[in-house]
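Written below as structure tokens is the structure these notes are about.
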Ligand code: HEM
């Protein structure tokens, strides 16, 4: 008996013992179908991994951070000059960067980790959007996910002001003014966001929200999100739709891969790669701390949020877009995403079958990228209606044109193929209505109609 055999058998025994006592298979860490072992199926796990790393680096930062606006000389007075004082929050960050071994690496890892988590959450969201992962029976997973995305943005917003730099405080004030314009909700949340209206009140609230309230809410919601995922199982590929070409057969779902050791090592590999990349980027391009709030030596500072809120800042620069209108647009967007499973209710999951949803998704993505770049290049510069029409108009027009052409081309070839095969299936608008007992696409219930006849 070789060492490898002995090792695997021992691991299985130990894991089997733990699994049985802890009842793990009943609540988590289920085996997954073999076909899911591609990164695109694990985007949510990547976000969860990024969140875990944020918790670890954030707890380490807590050892040094002082959430106070009181002027202090103690930790950074020496470098700034005997007579200059700076808020304690900024000083403790300055001290971490300049005096704590690897302090700057830790801080930069936390900051870039936040960017990565947001970026991965957007990827996870858009993947689900295009592939119709929100369809029955995963509506609640989608809604919990939308709230997770909002909470992740909330983490970014509340964390930005903590080093108490002038640029971050300016942007936070703009964000708070926008949030307070929310009908009803604004007035209700005001005392929680700004406390007694003093600078210390604001910083204390942002600190409490960032290190305790939002992470706890995020953790609880994440638990619900993953529990829902465990109960439904992973959504099969969009090609499994009975009206699509058969690149996936239902029996593939039956080939399961156990959590230990396969999934564990698969995820460990990605987690280590993520950590290595993050540390590498943080070491090569460490974050530079901007000047502190109230530095009299600096006459002018810009008001600029982190990149993920630039689009909203640019929106307010549009001619005629008041803060109330900007907030209104954001609320409508949020409601659209939240209610999407109930708006797009057809059982079709393949993007080819959902041209309208794809068009809206492309338009939002295009606008989001454009406004972000625009906001970064010309923050605070007002845009006249002609400028808006010149830039946003072509994006919307090209998107509608390309999606429509693709759809028409696909419709023609697909219909020709169906006619050649004598199939009774029809394209959107003329699809047969799935009655009771008909296959639910994407549900874990076995489908009766197999796909192989449609090719
Ligand atoms: C903090 C943010 C989030 C975390 C940590 C997270 C985590 C996860 C995890 C671990 C899974 C299991 C499958 C996988 O690994 O991809 C999952 C699935 C899922 N998530 Fe998220 N998620 C987040 C945000 C979102 C958002 C913003 C949405 C959409 C609005 C969303 C919608 C879904 C859906 C529909 C599934 C089921 C996908 C399938 O079965 O293929 N999640 N999520």
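Where Rh is the Kirkwood radius over the Cα pairs of the range 81-229, the temperature 4 °C and the viscosity 1.567 mPa s, what D in µm²/s does Stokes-Einstein return?
Numbers: Rh = 17.5 Å.
So the translational diffusion coefficient is about 74 µm²/s.
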- Task: Any chance you could get the radius of gyration and Dmax over the Cα atoms of the chain, in Å?
- Result: 25.8, 88
- Helix 43-62 sits off the longest principal axis of the Cα atoms of the chain, rounded to the nearest 10 on a 0 to 90 degree scale, by 20 degrees
- Note on the structure: The simple spin-label model distance between residue 301 and residue 37, using points 7 Å out along Cα→Cβ, in nm, is 5.1 nm
- Item | Compactness of the range 307-367, expressed as Rg and Dmax over alpha-carbon positions, Å | 14.2, 41
- Note on the structure: Quick calc, residue 267 & residue 63: beta-carbon distance into FRET formula, R0 41 Å, rounding 0.05, result 0.90
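Looking at the range 174-237, I'd like the Rg to Rh ratio, where Rg is from alpha-carbon atoms and Rh is Kirkwood's inverse mean 1/r.
On the way: Rg = 16.9 Å, Rh = 14.1 Å.
My calculation puts Rg/Rh at 1.20.
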- Note on the structure: Quick calc, residue 373 & residue 325: beta-carbon distance into FRET formula, R0 22 Å, rounding 0.05, result 0.50
- Note on the structure: Where a ≥ b ≥ c are root eigenvalues of the Cα gyration tensor, a/c under 1.5 meaning rounded, otherwise prolate if a/b exceeds b/c and oblate otherwise, the range 220-363 counts as oblate
- In nm, give the distance between the simple-model label positions of residue 227 and residue 391, each being 7 Å from the Cα along the Cα-to-Cβ direction. 4.5 nm
- When the helices in the chain are scored as -39500 (n - 2.57) per DSSP H run of 4 or longer and the sum is shared across all residues, what 222 nm value do you end up with, to the nearest 500 deg cm²/dmol? -20000 deg cm²/dmol
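Which of rounded, prolate or oblate describes the range 360-418 when judged by the alpha-carbon gyration tensor and an a/c cut-off of 1.5? Don't skip to the answer; put the middle values down first.
Working: a/c = 6.04, a/b = 3.10, b/c = 1.95.
Here the range 360-418 falls in the prolate category.
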- Note on the structure: Here, residue 415 and residue 213, labelled 7 Å along Cα→Cβ, have an inter-label distance in nm of 5.6 nm
- Message: Per-residue counts of other Cβ atoms within 10 Å, averaged by peptide: what ranking do you get for 15-21, 65-71, highest first?
- Response: 65-71, 15-21
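Sort 369-381, 306-318, 48-60 by the packing proxy (mean of other Cβ within 10 Å over each peptide's residues), most packed first.
On the way: 369-381: 15.3, 306-318: 19.8, 48-60: 17.8.
By packing density, highest mean first, the sequence is 306-318, 48-60, 369-381.
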- Note the full-extension length gain between residue 177 and residue 406 as 0.36 nm times their separation in residues minus their Cα-Cα distance, in nm to one decimal. 78.1 nm
- Item | Folded to 0 to 90 degrees: helix 385-421 orientation relative to the chain principal axis, Cα | 20 degrees
- Item | On Cα atoms only, tilt of 139-160 relative to the major axis of the chain in degrees | 20 degrees
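When N is the residue count of the range 294-415, what does its C-alpha Rg come to as a fraction of 2.2 N^0.38 Å? Can you show the working numbers first?
Working: Rg = 18.6 Å, N = 122, 2.2 N^0.38 = 13.7 Å.
Expressed relative to 2.2 N^0.38 Å, the Cα Rg reads 1.36.
Restricting things to alpha carbons, find the Rg to Rh ratio for the range 264-324 using the Kirkwood radius for Rh.
Numbers: Rg = 19.3 Å, Rh = 16.0 Å.
Using Cα coordinates only, the ratio equals 1.21.
For the pair residue 52 and residue 9, what calculated FRET efficiency results from E = 1/(1 + (r/R0)^6), where r is the Cβ-Cβ distance and R0 = 25 Å, to the nearest 0.05? Spell out each step's value before the answer.
Working: r = 30 Å, r/R0 = 1.21.
So the FRET efficiency works out to roughly 0.25.
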- Task: For the range 297-337, just list the percent of Cα-Cα distances falling in each 10 Å bin from zero outward, please.
- Result: 26, 43, 22, 7, 1
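FYI, it's all coordinate maths here, none of it is from the lab. Source: prediction; values computed, not measured. Every residue, glycine as well, gets a Cβ built from its backbone with ideal geometry; the counts of neighbours run over all protein chains shown.
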